[in-house]
1. When segment 1-40 is examined, which residues are found to be over 13 Å from the mean Cα position of the chain (by Cα) and of a type in the set (D, E)?
2. Sort out which residues of segment 66-91 are surrounded by fewer than 11 Cβ atoms within 10 Å (Cβ to Cβ) and not in a loop (DSSP other than H, G, I, E, B), and write them in order of number.
3. Can you name the residue in segment 41-52 that is farther than 24 Å from K75 by Cα and either within 13 Å of the chain's Cα centre (by Cα) or in contact (Cβ under 8 Å) with a residue 24 or more places away in the chain (or both) and is also surrounded by the fewest Cβ atoms within 10 Å (Cβ to Cβ) among such residues?
4. Go through segment 1-54 and count every residue that is polar (S, T, N, Q), farther than 20 Å from K113 by Cβ and in a helix (DSSP H, G or I).
Amino acid sequence: MKKIAIIGATPNKERYANKAIRAYKEKGYVVEAVNPKYEEVEGIKTINLTHVTSELISVYLRPDIFKYQINAIPKTVKKAYLNPGTESDEVIKMLNERGIETTVACSILAIKKDSDKL
């Protein structure tokens, strides 16, 4: 079963985090929506980062915010997409030190979806 956690999930359909949720659902992924600010996003009950069970995460948080959450990432996570605007040398180094492979790229394009059509 393909699974991904979207870090920074939002109900705002104009935001790329929301578009990513819809794109991955359309591609048959089980999606975990991570943002304790909301109860649910796109019909998915949101969870805290510490409850992620996916091996793959896609980050939609600014690096100055996300860097303080990296230590809460469960050991199940093996790979992270750092979407445009979420990357920094510091974040990449911190993720790599935890054994998490990082890819700086749009995770929506990685599954061959056009975000303008979502």
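1. E14, E26, E39, E40, listed by residue number.
2. Within segment 66-91, N71, D89 qualify.
3. Filtering segment 41-52 for residues farther than 24 Å from K75 by Cα gives 41-43.
So of that shortlist, the ones also either within 13 Å of the chain's Cα centre (by Cα) or in contact (Cβ under 8 Å) with a residue 24 or more places away in the chain (or both) come out as 41-42.
Numbers: V41: 21, E42: 16.
So, considering only residues that are farther than 24 Å from K75 by Cα and either within 13 Å of the chain's Cα centre (by Cα) or in contact (Cβ under 8 Å) with a residue 24 or more places away in the chain (or both), the one surrounded by the fewest Cβ atoms within 10 Å (Cβ to Cβ) is E42.
4. Adding up the residues that qualify gives 1.
Throughout, read-outs are computed from the coordinates displayed, never taken from laboratory work. Values in this document were obtained by computation on a predicted structure and should not be read as measured data. Here the Cβ is made from the backbone with ideal geometry for all residues, glycine too, and neighbour counts use every protein chain on show.
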